[in-house]
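Note sheet for the following structure.
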Amino acid sequence: MTDAANAADALFRSLTGEAPIGTWSAPGRVNLIGEHTDYNDGFVLPFAIQQRTHVALGIRPDAGIRVASTFASEPVTVPLAELDALFPGRREDVPEWAAYALGVAWALLRAAGVDPESVPGVDLAIASDVPIGAGLSSSAAIEGATAAALNDTWNLGQDAVALARIGRTAENEAVGAPTGIMDQMASMLGREDAAIFLDCRSLETQIVDLGFADAGLQLVVIDTGVKHSHATGGYGERRAACERGAAIMGVEALRDLSVTDLPRAEQLMDDVTFRRVRHVVTENQRVLDTVHALRTDGPRAIGDLLRASHASMRDDFEISVPELDTAVDAAMSAGAIGARMTGGGFGGAAIALVDRDRVDDVRDAAIAAFSASGFTAPTVFTVVPSAGAGRES
Ligand code: ADP
Ligand code: MG
């Protein structure tokens, strides 16, 4: 067992004095390419990572649900019959972290059409080694692990895509974070050494082999430590610009445009809106090109696409920050094949695809560049494309 799996088991035992009846886990994720394309009905290419959130579960004698986490000082207990009164919406007396797990229980029972009073009460103990708030989606990991645990325990028969939707419902309606479904799909459907090519309009997925290990490559994450927030205006402003651009072009979503439509778009809209549109349209094309390159030539062929994605987010979508640009530039000058910021922007992490024997050079270069710019040192680590949510024991 990993440290986090042990921690979930130990927390469960200290909470109940008994062993759990089972343990489940779900991973965080990194998005290889396809940024701000999800809410434009477009394409994304995330992969699940080896860092996971673990849930140890047992049955309670009463009809309650208790959630505890190593992340929080106090467990939270709610009668199952009260979930429908708690959500949607956020109640002051439910701490935010607990709304992720309780929101999943609520959304799962609702999606399955099952009366909350007809299922047994449960205790859940949660521990994770996914860095929290670093853009690696610890939120999808806690949702996926909780959803998998409760779906099995309560015999609700929901499939992986349904559980991903349930995770998003919890995040949108119980926590109140207006996020898309990419993170949950990656966490549920991840495969070893592969990415999930997701069409955000149809929710169709294809598994795309990454072949990093065979090519002698590693994926390095450079976490800038700069905290992003969904609450700040930047995210909402970008969404609004995309909607405006689609309306001007007379399409349902920017997904419906291709690069050949860009000259006409440039004539019809103001410069800022046009550049937002150009990012999304070219980024969708880069996802398609990345999938094609991986399938025909392998991972060494995607470096230019990663770099172009970063430049587009920096210059057209304007969601990078100096720390992210510094991380990308340092990685490239230390010999990375490609690098880009990943996640929603305004902070978080950059990724770099690097020859195995250059990982230390990239780490040293990033740390030195941050120091020279007066930034707080970044956290640098590697991630391995890994399996999605499931039962551990
Ligand atoms: P990210 O998904 O990038 O890590 P988010 O802000 O979307 O960042 O989600 C982080 C939030 O999810 C935390 O602040 C906490 O409320 C909740 N969370 C994530 N992991 C855990 C955990 N192991 N235990 C309790 N809450 C968690
Ligand atoms: Mg998140």
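Does residue 363 qualify as being in contact (Cβ under 8 Å) with a residue 24 or more places away in the chain, touching a strand residue (DSSP E or B) at 6+ places or on another chain (Cβ under 8 Å), of a type outside the set (S, T, N, Q) and not in a helix (DSSP H, G or I)?
Here the answer is no, as residue 363 does not meet what is asked.
Please determine whether any residue of the range 186-198 is more than 13 Å from ligand 2 (Cβ to nearest atom), under 13 Å from the mean Cα position of the chain (by Cα) and in a helix (DSSP H, G or I).
Scanning the range 186-198, I find at least one residue that is more than 13 Å from ligand 2 (Cβ to nearest atom), under 13 Å from the mean Cα position of the chain (by Cα) and in a helix (DSSP H, G or I), so the answer is yes.
When you go through (1) surrounded by fewer than 19 Cβ atoms within 10 Å (Cβ to Cβ); (2) not in a helix (DSSP H, G or I); (3) not polar (S, T, N, Q) one by one for residue 329, which number turns out not to apply?
The one condition residue 329 does not meet is (2).
Give the residue that is nearest to residue 35 (Cα to Cα), with candidates limited to residues of the range 124-148 that are small (Gly, Ala, Ser) and more than 7 Å from ligand 1 (Cβ to nearest atom).
Step by step, filter the range 124-148, then rank; the result is 144.
Give the residue that is surrounded by the most Cβ atoms within 10 Å (Cβ to Cβ), with candidates limited to residues of the range 160-176 that are within 12 Å of ligand 1 (Cβ to nearest atom) and not small (Gly, Ala, Ser).
Filtering the range 160-176 for residues that are within 12 Å of ligand 1 (Cβ to nearest atom) and not small (Gly, Ala, Ser), the one surrounded by the most Cβ atoms within 10 Å (Cβ to Cβ) comes out as 171.
Picking from 374, 343, 347, which residue would you name as being of a type in the set (Gly, Ala, Ser), within 16 Å of ligand 2 (Cβ to nearest atom) and under 11 Å from residue 323 (Cα atoms)?
Being of a type in the set (Gly, Ala, Ser), within 16 Å of ligand 2 (Cβ to nearest atom) and under 11 Å from residue 323 (Cα atoms) holds for just one of 374, 343, 347, which is 347.
Quick check: is even one residue across the range 332-351 outside any strand (DSSP E or B) and closer than 20 Å to residue 193 by Cβ?
The answer is yes, given that some residue of the range 332-351 is outside any strand (DSSP E or B) and closer than 20 Å to residue 193 by Cβ.
Please work out which residue is farthest from ligand 2 (Cβ to nearest atom), limiting yourself to the range 156-175 and to residues that are in contact (Cβ under 8 Å) with a residue 24 or more places away in the chain and more than 16 Å from the chain's Cα centre (by Cα).
157
Pick from the range 177-198 the residues that are of a type in the set (Gly, Ala, Ser) and surrounded by fewer than 24 Cβ atoms within 10 Å (Cβ to Cβ): which of them is farthest from residue 343 (Cα to Cα)?
194
Yes or no: residue 8 in the same structural domain as residue 147 (by TED's automatic domain parsing) and surrounded by 15 or more Cβ atoms within 10 Å (Cβ to Cβ)?
So residue 8 fits the description; yes.
On the given criteria, is residue 260 modelled with pLDDT of 95 or more, of a type in the set (S, T, N, Q) and out of contact with any strand residue (DSSP E or B) (no Cβ under 9 Å at 6 or more places or on another chain)?
The answer is yes for residue 260.
Taking the condition of being polar (S, T, N, Q) and outside any strand (DSSP E or B), how many residues in the range 16-39 meet it?
Residues flagged as polar (S, T, N, Q) and outside any strand (DSSP E or B) within the range 16-39 amount to 2.
Please identify the pairs in which a residue from the range 125-142 that is without any contact (Cβ under 8 Å) to a residue 60 or more places away in the chain and within 28 Å of residue 60 (Cα to Cα) has its Cβ atom under 6 Å from the Cβ atom of a residue that is more than 8 Å from ligand 2 (Cβ to nearest atom) and assigned to a loop (DSSP other than H, G, I, E, B), counting only partners at least 6 apart or on another chain.
Here the result reads none, with nothing in the range 125-142 linked to a residue that is more than 8 Å from ligand 2 (Cβ to nearest atom) and assigned to a loop (DSSP other than H, G, I, E, B).
The values are calculated or read from the model by the stated rules, or taken from the named source; none is laboratory data. Please read these numbers as outputs of a predicted model, since none were measured by experiment. Cβ: placed from backbone, ideal geometry, glycine included. Neighbour counts: every protein chain shown.
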